[in-house]
Amino acid sequence: MKNVIVAGAQWGDEGKGKVVDILAPHFDVVARYQGGHNAGHTVRIGERKFILRLIPSGILHEECCCVIGNGVVVDPRAFNTELQELRETGIECEGRLFISSRAHLILPYHIALDRAREERLGVNSVGTTMRGIGPAYEDKAARTGVRAGDLLYPDLLREKLRANIAQKNLEIVSMKGEPFDPDSMLDDFLSEALRLKPFIRDTVSMINAAVNDGKSVLIEGAQGTMLDVDHGTYPFVTSSNSTAGGAAPGLGLAPKKITGVLGIAKAYTTRVGGGPFPTELNDEHGAYLQKRGNEYGAVTGRPRRTGWFDAMVVRYAVMLSGYDALALTKLDVLDEFDEIRISTAYRRNGEIIKDMPYGANVLAECEPVYETLPGWKVATNGTTNFDDLPSAAKDYVRRIEELCGAPAALISTGPERTETIIRENSPVSDWMK
Ligand code: IMP
């Protein structure tokens, strides 16, 4: 049995797309378990750059079957657009891409509410991607959501939607927004959503049957540990469980069937949106990381905030998700620094803290405790063998492994598939057999 989760260890954008792309040919099924089209998984193959937001990155491999699990929230328009983009590059998805009948749908009123609430919060806004993700998950928990399977019963669905629209309009109007006209919203929505019908399946039974038949599943997370709704920097989080624990309910796969977890971490740290970020660099080093690392959101184009590697964050992620190994990405972005810093703990009111504070308010009062390591000042991009790295780069990786408590089994030294070090006799090399 080989069912492995790939999940983000920081605030998202760690490079999960590239890692999933490398591992996917060694798995039969690639499945997403949470989030929606707020994610942006960038995969670069030669001259071509693919940004996958909703569809699992495994779709780029013809033999892979891909699943959008029940824990994902699906915007029909975003799905259709992405499908079309893939089609235009010659990638056909029919017959190998499936949406769970239990996955909740994002409706136009979710997007309007996301926007209106963010505007109302002003300077305290979460900085969401404005894709309606939070309001869609709210409706799921409130038991008023619409699920993909409901598209197979359009009369019932229309009735349910009419009631929902009336309710949502009250809130939208209370925030000085434009109410939806029920008929035109229904027509617009259904013209997009009904196109999903050929993809809808009982993916829970499908995945379990595949696993029972000895097939392997690569489980693709979105966002990252610090955006997890329970364990992240609440309230500056997304609305799902992005830690590995979310995979079992998000796919309907029993926890004991999951055999491995790979955590993805950048060799430094980035964050998009609001909320505390202890190692953030608002200086020339931060600007350099942003430029050299091309740190602009794949979905919204927003510049990402940048900072030094925070071992508190990744150690916390290792604890929460039980990573067997780490994939350390963008090591080459650090090539030109004279010195590189790693935060090993936090200091708050003069006291050293080694456990992650419970929420954003406390984390905002924490200062990083830094350790400084020498830079290597040698180009590492394209390196494919750990032994070929300069010794200061090897020391940097080893220090991260030591501080975080997991081996760096994969190290990415550039955006291409080929610009990657896979450590021998590691969990990653085993999963690639
Ligand atoms: P939402 O998921 O759109 O509700 O946004 C909530 C928070 O998560 C905001 O700070 C977003 O910037 C952040 N976020 C959501 N998806 C991603 C992602 O894929 N990468 C990085 N940040 C994300």
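Provide the net charge surrounding L410, with neighbours chosen by a C-beta distance below 10 Å and charges set as Lys +1, Arg +1, Asp -1, Glu -1.
Around L410, the charge tally is +2.
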Original post:
If Lys and Arg each add +1 and Asp and Glu each add -1, what is the summed charge of the other residues whose beta carbon sits under 12 Å from the beta carbon of K160?
Top reply: 0
**OP:** For L170 paired with D395, estimate the spin-label separation in nm (one decimal), with each label point 7 Å from Cα along the Cα-to-Cβ line.
**Re:** 6.5
Original post:
Can you list the aspartates and glutamates whose alpha carbon is less than 14 Å from that of K18, not counting same-chain residues fewer than 8 positions off?
Top reply: E220, E416, E419
Original post:
Which value, in Å to one decimal place, does the Kirkwood hydrodynamic radius take for the chain when every pair of different Cα atoms is included?
Top reply: 22.1
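Determine the dipole magnitude for region 104-196: charges of +1 sit on the beta-carbon of Lys and Arg, -1 on that of Asp and Glu, nothing else is charged, the reference point is the Cα centre, and the result goes in debye to the nearest 20.
Roughly 320 debye, rounded to the nearest 20.
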Original post:
Would you list D338, D228, D150 from fewest to most Cβ contacts within 10 Å?
Top reply: D338, D150, D228
Original post:
So how much slack lies between D183 and L156, counting 0.36 nm per residue of separation and subtracting their Cα-Cα distance, in nm?
Top reply: 8.2 nm
**OP:** Can you put M206, M226, M1, M356 in order of Cβ neighbours within 10 angstrom, beginning with the fewest?
**Re:** M1, M206, M356, M226
Subject >> Helix 203-212 vs. the chain, principal-axis angle (Cα, 0 to 90°, nearest 10) >> reply: 50
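What translational D, rounded to a whole number of µm²/s, comes out for region 214-320 from Stokes-Einstein when the hydrodynamic radius is the Kirkwood one over Cα pairs, at 37 °C and 0.692 mPa s?
Once the numbers are plugged in, D ends up at 216 µm²/s.
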Subject >> Cβ-based exposure ranking for H41, H26, in which fewest neighbours within 10 Å come first >> reply: H26, H41
Original post:
Using alpha-carbon positions, what is the distance between the centroids of region 167-201 and region 368-412, in Å?
Top reply: 49
Original post:
For D183, what is the net charge nearby, where nearby means another residue's Cβ is under 11 Å from its Cβ and Lys, Arg count +1, Asp, Glu -1?
Top reply: -1
Subject >> Counting DSSP beta bridges with both ends in the chain, the antiparallel % (nearest 5) >> reply: 40
Original post:
Between K257 and I45, what is the spin-label point distance in nm, taking each point 7 Å from the Cα along the Cα→C-beta axis?
Top reply: 2.8
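Run the numbers for M432 and E119: contour at 0.36 nm per residue of separation, minus the present Cα-Cα distance, in nm.
Numbers: separation 313, 0.36 × 313 = 112.68 nm, distance 4.61 nm.
This chain segment gains 108.1 nm when fully extended.
Coordinate-derived values only; no laboratory data. If you're wondering where the values come from, they're calculated on a predicted model, not measured in any experiment. Positions of Cβ are backbone-derived with ideal geometry, glycine not excepted, and every protein chain shown enters the neighbour counts.
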